[in-house]
1. Which of (1) assigned to a helix (DSSP H, G or I); (2) surrounded by 15 or more Cβ atoms within 10 Å (Cβ to Cβ); (3) at pLDDT 90 or above does residue 101 not meet, given it meets every other one?
2. Just to be sure before I move on: is residue 53 in the same structural domain as residue 30 (by TED's automatic domain parsing) and either at pLDDT 90 or above or under 30 Å from residue 156 (Cβ atoms) (or both) in the structure I sent?
3. I'm trying to understand the selection: among the residues of region 142-186, which are outside any helix (DSSP H, G or I), under 34 Å from the mean Cα position of the chain (by Cα) and modelled with pLDDT of 80 or more?
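The values are calculated or read from the model by the stated rules, or taken from the named source; none is laboratory data. All values reported here derive from a predicted model rather than from experimental measurement. Virtual Cβ from ideal backbone geometry, glycine too; neighbours counted across all protein chains shown.
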């Protein structure tokens, strides 16, 4: 069961005041099936970053989480909608709403921004979802590499295995040659330029080149 503190930690700062014991009790009891109820509680916390994407009410977010939780059980949009909104569905039937109109309402809800933001959060990367197929493909290629009668087939299979199992390339260290010069470097260039101009003037005045070369660039005296 979720607690008020757990829900407060999950939601953005602007929604913390909306977290009440009544809301938490509603989250904990929104679904009768204990397994689905646990999934809804977990998903409510896991997908809560969606609440930062826009101005959504926590009640609307909870409904969308319930809907997506049912969709993740491979239920159709309509079945997930009926289980998420049983009272609403019963009212529609009582009014004599046609099946076509109900399907339209379901379609509109399933395509809503909030529902799709949560669905995006729930998506599993295809390389994780299909790890078993990846291994089966490798097994087939390994078998062809060893037992195929065609040298071309064996070579192609071997290459595909090498490519699939190759060690990831380490990122090479790069040096930015266009990096801006530090202020210290600019100051040093300025000093050297002034020194060069001064020495050129001294040489022009007749001072021997040997004497100019022997001059100290920086004269540092120790403090007493």
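1. Condition (2) is where residue 101 drops out.
2. On the way: in the same structural domain as residue 30 (by TED's automatic domain parsing): yes; either at pLDDT 90 or above or under 30 Å from residue 156 (Cβ atoms) (or both): no.
So residue 53 does not fit the description; no.
3. Passing the criteria: only 166.
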